[in-house]
C-alpha cells in the first residue's frame, strides 16, 4: 500500500510540476517576413534574455503573414511583434494593445520610424514620377506588408491613381528582396519595398544602388535611407487581450534594461525598446485605404 501511495504521490507531483511549468511558458509571436529560420536567428536571443530576467520560459514563435491574426485571436501567443499596420488590425479586431516600440539600429542611428521606397530601374526612362506609373507593371511584397505595400499604396492613391485599375499589372513578390531583384531583372517596371531594404542589399553586395531610381524621393532630416512615402512608427511589441497587465509590465521592464551591446539587441539589430508610440497615423492609413481592420 505504501509503495502504491508513493507512486501515486510521485505521479501527482510530476503532473503538478508539469502544469506549473506549462503555465510559466510565455509565447511571443514574431512576424517571419523573411521566413521562420531568419526570424528565430534574429529574435531567439531576446527570448533567452527574457527567460533569464523573468525566470519563466519565453518561446519565440515565428508566424507567416496569414498566421498572425488566427494566432492572436485564438490566444496561441501571449505577446506578438508584427508590422505597425497588422498591429492596428489586432488592436481593433481583437483588443490587443501595444506595450513597447522597437528602436531600430541602422547605419549607427537609432530609428523609431520607417517608410516605403518606390523604385524603378535607373535605365528606365519612361518612369520618373508617380504619374508615370500609370499603365506600368508593378510589384509589392504582400497586401498586408506595411512598408512593402500599404505606405506606397497610400502615396500612389493620393497622387490620383488606383493601382488595382491603373497599373498594367500589380503583383506581389512575397519578400522584399524578390521585389528588388524583379526590378533589377526587368521582370516588372517598378515596385516598392520598405526603407533600408536597398541599403541592406547594397551592403551585402547583392545589388548596386546606381542601378535603381527612386520615385517621389523625400528628404527627412535624421533619416538615413531613401524614401518615397511618409514615415510611420516602427513595429510594436503588443499583448493579446487575455495576457495579464502584470506580466506585460514585467516584460516591458526587462526589455527597457536591454543595452545596445546585449546579444538581445545586436542579434535583432536594434538599439532597444521605448514606450509605445502613437499608432493613430497607421489607423488613419487603414481607413483611407479600406484595408486591415477597415477592409470592406
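The table below lists the values:
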quantity: Taking 204, 221, 44 and counting other C-beta atoms within 10 Å, the order from fewest to most; calculated: 221, 204, 44
quantity: Inter-label distance, nm, simple model (7 Å from Cα along the C-beta direction), residue 266/residue 122; calculated: 3.4 nm
quantity: R0 of 51 Å, Cβ-Cβ distance residue 56-residue 211: FRET efficiency to nearest 0.05; calculated: 0.55
quantity: Inter-label distance for residue 287 and residue 164, nm, one decimal - labels placed 7 Å from Cα along Cα-to-Cβ; calculated: 2.0 nm
quantity: Segment 99-137 versus segment 219-296: alpha-carbon centroid distance in Å; calculated: 19 Å
quantity: Mean separation of Cα contacts under 8 Å, 6 or more apart, over the residue count of the chain: relative contact order %; calculated: 26 percent
quantity: Beta bridges per DSSP with both ends in the chain, % antiparallel, nearest 5; calculated: 60 percent
quantity: Calculated FRET value between residue 24 and residue 66, using beta carbons and R₀ = 30 Å, to 0.05; calculated: 0.55
quantity: Among [x] 42, 20, 17; [y] 32, 26, 20; [z] 62, 24, 14, the entry that matches semi-axes √(5λ) of the Cα gyration tensor in Å as calculated here; calculated: [x]
quantity: Nitroxide proxy distance, nm - points 7 Å out along Cα→Cβ at residue 219 and residue 93; calculated: 4.1 nm
quantity: Proxy reagent accessibility, fewest Cβ within 10 Å first, across 201, 86, 102, 161; calculated: 161, 201, 102, 86
quantity: Helical contribution to [θ] at 222 nm, DSSP H n ≥ 4, -39,500 (n - 2.57), averaged over the chain, rounded to 500; calculated: -11000 deg cm²/dmol
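Read-outs throughout are calculated quantities, based only on the coordinates presented, and are distinct from any laboratory measurement. This one's a predicted model, so the numbers in the text were calculated from it and none came from an experiment. Positions of Cβ are generated from backbone atoms using ideal geometry, with glycine treated the same way; all protein chains shown enter the neighbour counts.
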